[in-house]
Amino acid sequence: MTTINRTRIARLRTIGLTGFVTTGAAAAALTLMPANAQAAEMTQAHTSTAVTASSGDSSRTISKTGSANNLDGWIKQSLQIMKSKGIPGSYEGLKRNIMRESGGNPSAQNNWDVNAKKGTPSKGLLQVIDPTFNAYHVAGTAGSVTDPVANITAAANYAAHRYGSIDNVNSAY
C-alpha cells in the first residue's frame, strides 16, 4: 500500500471516528436534558386512575375516576380521547416523545428553530406550531396549543396522519 493510500485511510478513519463521537455527544446531551423534568414529575401526586394494557397492543382501559393534573394524568386523558376518536398511540410512545421534545414542561416554547424564525414557535409538551395545532385539533379538547391534553392529542392526531402513529416518531417531527 502506498503512503498516499495509507494517509487517505487514516483520514477517513479520523473523520468517521469524529462523526461517531459527535453523534454520541449529541445523543448523550439529549438523553440527559429531561432529567430535571422527570424528577419533578416523580414528586407530583397521582390520583387513582386504573390503567390496563393488553400485552402486544397499545389499547388501554382508563377508569373515569379522574386523572392527576400532571404529565401522567395528561397522557392518560389524551389516550382516552384518542381512543374515542380512533387515533392510534400508546402511553410509552407519547411519553418518549414528550420527554424528548419538552422534558415534560407544558409551557416549553422553542424560540430559536426555523419555525420560530418564521414567527411560529413550537409550543407545549409535544412542541406543536399553531398552524399544525389548528389543522389537527381534536374536538373535545381545549382550543389552546399550550393546554397539555389538547397539545398531546393534536400532536398524536398529526403524527397518525403523517407517520401512522406517534409510536412511529423517534425524532423531531
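In table form, for the structure just shown:
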{"item": "Members of segment 121-161 found to be among the hydroxyl-bearing types (Ser, Thr, Tyr) and crowded, with 16+ Cβ neighbours inside 10 Å, listed by number", "result": "Ser122, Thr132, Tyr136, Thr141, Thr146, Thr153, Tyr158"}
{"item": "Evaluation of Val51 against (1) modelled with pLDDT of 95 or more; (2) farther than 19 Å from Ala150 by Cβ (one fails), failing number", "result": "(1)"}
{"item": "Residue list for segment 119-150, restricted to those being out of contact with any strand residue (DSSP E or B) (no Cβ under 6 Å at 6 or more places or on another chain), touching a residue at least 24 places away in the same chain (Cβ under 8 Å) and outside any loop (DSSP other than H, G, I, E, B)", "result": "Val128, Thr132, Tyr136, Pro148, Val149"}
{"item": "Test for Gly73: is it of a type in the set (Gly, Ala, Ser), touching a helix residue (DSSP H, G or I) at 6+ places or on another chain (Cβ under 9 Å) and touching a residue at least 60 places away in the same chain (Cβ under 8 Å)", "result": "no"}
{"item": "Those residues of segment 94-118 which are under 14 Å from the mean Cα position of the chain (by Cα), assigned to a helix (DSSP H, G or I) and farther than 21 Å from Ile81 by Cβ, in sequence order", "result": "Arg100"}
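The values are calculated or read from the model by the stated rules, or taken from the named source; none is laboratory data. Just so it is clear, the structure is predicted and the values come from calculations on it, not from any experiment. Note: ideal-geometry Cβ built from the backbone for every residue, glycine included; neighbour counts use all protein chains shown.
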